[in-house]
Amino acid sequence: MIAYGENIQVFCGNSNPQFAQTICKELGVPMGKAIVTHFADGEASVTLEETVRGADVFLIQSTCKPVNDNLMELLVMIDACRRASAGRITAVIPYFGYARQDRKAKSRDPISAKLVANMLTAAGADRILTMDLHAAQIQGFFDIPLDHLLGNVTFVEYFMNKFPESGYNHEDFVVVSPDVGSVGRARNFAAKVHMGLAIVDKRRPKANVSEVMNIIGDVRGKKVILFDDMVDTAGSLCGAAQALVELGGAVDVIACASHGVLSGPAVERIEKSVLKEVYFLDTVPPKAGVACDKIKYLSVAHMFAEAIERIYEEVSVSKLFV
């Protein structure tokens, strides 16, 4: 029996409306009517134009750039639904901003990921649905249920179709982790696509700046798939790709990452880099007005739609984690 009434309603903010529309199409439900705007001074304004009383409400909003505006929109939407007596409120956050601030890197640093978790809970969210957190332990920052989807399911399916074992020798391919912190993620992907694993060892003297030090593993003469969770300014990604070709002797470099944040000069760097192709999931919308033939997007709207349906029907979501 469904505990939250027969009514499922989906609303979205301004971060990625096309993604939300695709989810609604997959679910076969209309997008909820809401006006999400800003006042002249920048304050978020939300007006729900239909009742949500007793409904199972899903609010779709990536906290990508502009991060603070999108986060505040989500918080105000949650509060609006709570005060309108929604039966349950699930915040669907395909890309969870502030996830890189998950620990104190030095004295007197904040742990902003925990602060955001507290804010979402205080606003009235009953559960969270997200994908590929930068640090998996952020799941423990929440005192409410959190379902953590994995984008590698989509990448595995795509690359196994692109490079089927019947037509390609997978020993000629190597999956590469761009840093030590992403080794676990890259190892899981490499195992599923039956390819070898290598690691780029680097140090980061300051935020968004990295220096490659060494390549652990043999990539000489290999086709390389760089695998990461997100690309921000693309400096690390392009630097790792350059090192794999110049120092490691790789013949081709493809990259894939769940979240294409693409801040500042990221697209230009990718365009000028040795990277042959770069694949992102559509958790963050493509950068407006900027085109790059190397960048391609794979949709995970169907995965989020299935997760939403399973949450609504009170059945296991774990099938989507493997």
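If R0 equals 30 Å, the separation of the Cβ atoms of ARG53 and ASN14 corresponds to a calculated FRET efficiency of about 0.75. As a calculated quantity, the FRET efficiency between THR37 and ARG220 at R0 = 35 Å, using C-beta atoms, amounts to about 0.05.
Of the trypsin sites (Lys or Arg not before Pro) found in segment 218-247, those that fall in a DSSP loop while having at most 15 other beta-carbon atoms within 10 Å are ARG220.
A Förster distance of 45 Å, applied to the separation of the beta-carbon atoms of LEU247 and ARG108, puts the FRET efficiency at 0.75. Ligands, DNA and RNA left out, the accessible area of the chain computed with a 1.4 Å probe is 51% carbon and sulfur.
Summary of packing: across the peptides 112-122, 306-316, the per-residue average of other C-beta atoms within 10 Å ranks them, highest first, as 112-122, 306-316. For segment 41-88, GluC sites (Glu not before Pro) meeting the loop criterion (DSSP other than H, G, I, E, B) and having at most 15 other Cβ atoms within 10 Å: GLU43, GLU49, GLU50. Checking the cross-link pairs LYS223/LYS294; LYS162/LYS296; LYS25/LYS294 against a 19 Å limit on the alpha carbon distance flags LYS25/LYS294 as lying beyond it. Comparing Cα centroids, segment 262-322 and segment 223-255 end up 18 angstrom apart.
ILE111 contributes an accessible area of around 70 Å² to the protein surface, as traced by a 1.4 Å probe with all chains present. Annotation note: GluC sites (Glu not before Pro) in segment 222-284 located in DSSP loop regions with a Cβ neighbour count of at most 10 within 10 Å are absent.
The values are calculated or read from the model by the stated rules, or taken from the named source; none is laboratory data. Just so we're clear, the structure is a prediction, and the values are computed from it rather than from any experiment. Ideal geometry is used to build each Cβ from the backbone, glycine not excepted, and the neighbour counts take in all protein chains shown. Just the protein is used for accessible areas: all its heavy atoms, side chains included, with ligands, DNA and RNA removed. Shrake-Rupley method; radii C 1.70, N 1.55, O 1.52, S 1.80 Å.
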